[in-house]
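The values are calculated or read from the model by the stated rules, or taken from the named source; none is laboratory data. From a predicted model like this one, the values you see are computed outputs, not experimental measurements. Heads up, the Cβs are rebuilt from the backbone with ideal geometry, glycines too, and the neighbour counts pull from every protein chain shown.
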Amino acid sequence: MTDIKNYDVVIIGAGPAGMTAATYASRADLSVVMIDQGVYGGQMNNTAEIENYPGFESVMGPDLSEKMYASSTRFGAEYAFGTVQKIEVLDNQEKLIKTDSGDYQAKAVIIATGSEHTHLGVPGEEDYQGKGVSYCAVCDGAFFKGENVVVVGGGDSAIEEGVYLSNVVDRVTVVHRRDTLNAQPILQERAKKAKNIDFIWNTEVHAIKGNGDEVQEVELYNRDTKESSSFKTAGVFIYIGLKPNTEAFLDLGITDDKGWIITNDKMATSLPGVYAVGDVRQKELRQITTAVGDGGLAGQEAYNYIASL
Ligand code: FAD
């Protein structure tokens, strides 16, 4: 049997929410580990330019990740690699956190696992992932220099990343299923001003096709005319919404019917000593500022909870 590692607080996920919780809890002298299945930074690593984080006129996502990681480990919080598969509440109210690379035990747990991109669910999407289909402009945009790409979606992420791509690729075509964008006005303005961004309205992508090695075209369906057509493109960047990363916690009874975790305004779930922060919560605005606000509060609340035991 492998040893169980003991901490005051285990934080699951090292995005901005988890890293801020780690800063607050470790600064209150608690022993803290952040467990992440990937590189610390979470979705900030997939974000090009961030223009709405206080203190920075503009900052690249990966650079902000590095700065937050430095803050989060400054007071002794640790980072560990692993995918959390389950949380069990033990008889003494401590929590057992099971991962694919060992088990942890803690007095308090903060869930900060964020969300991930919804997939279109159309033929070709899975086959061409990494061969032209992407959910991350900052990671993959450079592969499409001099090419035409399609961005699917009309919200903040789609338009923000579309504008980023327009500075890297030859031409960006935004395919949106409605006739208006729902992105913030400032982003819409930028996209409409860009000379190499076009829009195809009231249209869905119904298939992604290629030669087996790379994407060559998308099959479009116009919701007004009910007609299908094909559109040549080298890349398809998909930004159509988010789903919570909560599969590991569904048995705890702390999620709503869509899987988002329900908390009170102190970030506490219905299980004593279990908190949730950031995008994984049922909330109105999923942004870095709201994630760090949640994280600070939960770090402090975890301290209060442990002090009360
Ligand atoms: P995340 O950043 O999603 O981090 C969650 C972490 O949990 C990840 O590192 C993941 O690996 C880990 N994890 C998940 N499941 C497990 C598990 N079972 N075990 C272990 N680890 C796990 N926000 C802004 O404020 N400004 C912007 O300009 C902006 N632009 C964006 C552009 C794009 C393209 C995207 C995708 C998002 C953007 N956002 C922006 C939103 C912002 O990135 C998120 O709101 C923020 O990252 C949420 O932080 P989080 O810590 O809650 O979750």
Answer yes or no: is there a residue in the stretch 218-238 that is within 12 Å of the ligand (Cβ to nearest atom) and outside any helix (DSSP H, G or I).
yes
Report yes if LYS258 is modelled with pLDDT under 95, over 20 Å from MET19 (Cα atoms) and away from the ligand (no atom under 15 Å from the Cβ), otherwise no.
yes
Across the stretch 146-174, what is the total count of residues that are surrounded by 22 or more Cβ atoms within 10 Å (Cβ to Cβ), outside any helix (DSSP H, G or I) and within 22 Å of the chain's Cα centre (by Cα)?
6
Against the definition (in contact (Cβ under 8 Å) with a residue 40 or more places away in the chain, surrounded by fewer than 15 Cβ atoms within 10 Å (Cβ to Cβ) and more than 14 Å from the ligand (Cβ to nearest atom)), how does ASP8 come out, yes or no?
no
May I ask you to verify whether THR263 is modelled with pLDDT of 95 or more, among the β-branched types (Val, Ile, Thr), within 25 Å of the chain's Cα centre (by Cα) and assigned to a loop (DSSP other than H, G, I, E, B)?
yes
Which one of SER72, SER115 is hydroxyl-bearing (Ser, Thr, Tyr), modelled with pLDDT of 95 or more and in contact with a Leu (Cβ under 6 Å, 6 or more places away or on another chain)?
SER115
Verdict on LEU181 being within 13 Å of ILE200 (Cβ to Cβ), of a type outside the set (Phe, Trp, Tyr) and crowded, with 19+ Cβ neighbours inside 10 Å
yes
Selection within the stretch 210-242 - under 30 Å from GLU284 (Cα atoms), surrounded by 14 or more Cβ atoms within 10 Å (Cβ to Cβ) and either among the acidic types (Asp, Glu) or at pLDDT 95 or above (or both):
VAL236, PHE237, ILE238, TYR239, ILE240
Check ALA248 against each of (1) in the same structural domain as PRO123 (by TED's automatic domain parsing); (2) touching a strand residue (DSSP E or B) at 6+ places or on another chain (Cβ under 8 Å); (3) surrounded by 15 or more Cβ atoms within 10 Å (Cβ to Cβ); (4) not β-branched (Val, Ile, Thr) and name the one condition it does not meet.
(1)
Among residues of the stretch 261-294 being aliphatic (A, V, I, L, M), surrounded by fewer than 22 Cβ atoms within 10 Å (Cβ to Cβ) and closer than 17 Å to PRO244 by Cα, the residue nearest to the ligand (Cβ to nearest atom) is LEU285
